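The values are calculated or read from the model by the stated rules, or taken from the named source; none is laboratory data. The structure displayed is predicted, hence computed values, not measured ones. No Cβ is skipped: glycine too gets one built from the backbone with ideal geometry, and neighbour counts run over all protein chains shown.
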Amino acid sequence: MTPTVTSALILSVALAGQHGGGAQRPLSAEEVAKLESKHLTNIRQATFGFFRAGEGYFSPDGGRIVFQAVPNLPESIFLEPKPNQYEYQIFVADLTPGARPRMVSTGEGACTCAFFAPDGRSIIFGSTHLNPSPSAPRSAYSRTGSRYRWSFPDGMDIFRADLDGKGLTRLTDADGYDAEGSFSPDGKSIVFTSHRDGDGEIYVMDADGKNPRRITNSKGYDGGPFFSPDGRRIVYRSDRKGDDLLQLYVNNVEGTDERPLTSEESVNWGPFWHPDSKHIVYSTSRHGHSNYEVYLMNVDTKAEERLTYHDGFDGLPVFSPDGKKLMWTSNARGTDRNSQLFIADFALDPAPEPKAAANP
């Protein structure tokens, strides 16, 4: 989960080397399709008609999605957009051709990081609608030397609402930033990121917002956490080294068994679990900050494989509950080159295999 990240990722079209080295020839559409077809087929654009859209998640039955988007302005002359016109709002849509997305946030302030409850009857999301002032103090995570940036708005809290936006209930009210929330598989807990103690840390609270407990305690931003489908582990991203890079970590739900999954000169973020609780997908800048790509990893062996090869930004990948579909945000696959959601049929097999050890 990434607060307002796709609005800040204004990415040029370039293809860098495997670890950010020399430029390579851009792949043809045929080459991209062939490489991606090993795991992804029937790739199609899901969202249309938005100024930009992204960070979508499937409902538990796979029949709906919830996502963040900025609506297009109406055709007009001398229109004055409202102050938060280009901030994300939250939408729910049925996954059927021609379905009309429904805005379920208030339309005020900035919103991010929506997620379905396991029973499919409600959602949570972060919002500043109770503190929508554009002059509110803001801190941010950014990548030095690039436009990679997202903000941590003061006054952002986590809310729960019905699928039509009614029954809106505030779950957090700590000072600063609370967002990036997701449910445990049993629906009893929510894991989220908060700056309430002065640093971006990960907390777990009851589903009603009570009994928050901190599970990370290292300096530097920790965020975007998700429970594994079996409820035993949490995966998240972190900037522990303060080097403008992000690495992936896996931990138990108590926060006592943290283990790094990546350690390289790249931004690695947006990890999300496969239903088998063994694999994750995530996006990385190892091909350059203009060409984020999606990778698949086995969290126990660290064996991994590249899934996307299209130039531009491919990120924020998520699986459907049955693992048969992958949805992600891309800014280069559509005709207008604005960020939109894409969905593909996904096949795990053949799963990534650990690399053979080099001969001594």
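Per-structure values
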| read-out | value |
| --- | --- |
| Positions within segment 230-253 being without any contact (Cβ under 8 Å) to a residue 60 or more places away in the chain, out of contact with any Lys or Arg (no Cβ under 9 Å at 6 or more places or on another chain) and not in a strand (DSSP E or B), in sequence order | Asp230, Gly231, Arg232, Lys241, Asp243 |
| Any hit, segment 312-322, residues being assigned to a loop (DSSP other than H, G, I, E, B) and either free of Cβ contacts under 8 Å to residues at least 40 places away in the same chain or among the hydrophobic types (A, V, I, L, M, F, W, C) (or both) | yes |
| Strands (runs of 3 or more DSSP E) fully within segment 45-95 counting 2 or more residues that are more than 21 Å from Lys166 (Cα to Cα) and touching a residue at least 12 places away in the same chain (Cβ under 8 Å) | 50-58 |
| Answer from Ser283, Ser277 - the residue that is crowded, with 19+ Cβ neighbours inside 10 Å and either in contact with a Leu (Cβ under 9 Å, 6 or more places away or on another chain) or part of a loop (DSSP other than H, G, I, E, B) (or both) | Ser283 |
| Residues that are in contact with a Phe, Trp or Tyr (Cβ under 8 Å, 6 or more places away or on another chain) and under 12 Å from Thr106 (Cβ atoms), drawn from segment 74-93 | Ile90 |
| Residues of segment 172-210 that turn out to be of a type in the set (A, V, I, L, M), closer than 25 Å to Arg64 by Cβ and more than 21 Å from the chain's Cα centre (by Cα), as a count | 0 |
| Subset tally (residues that are outside any strand (DSSP E or B) and either in contact with a Phe, Trp or Tyr (Cβ under 6 Å, 6 or more places away or on another chain) or modelled with pLDDT under 95 (or both)) for segment 137-167 | 9 |
| Number of positions in segment 151-164 that are in contact (Cβ under 8 Å) with a residue 60 or more places away in the chain and surrounded by 18 or more Cβ atoms within 10 Å (Cβ to Cβ) | 5 |
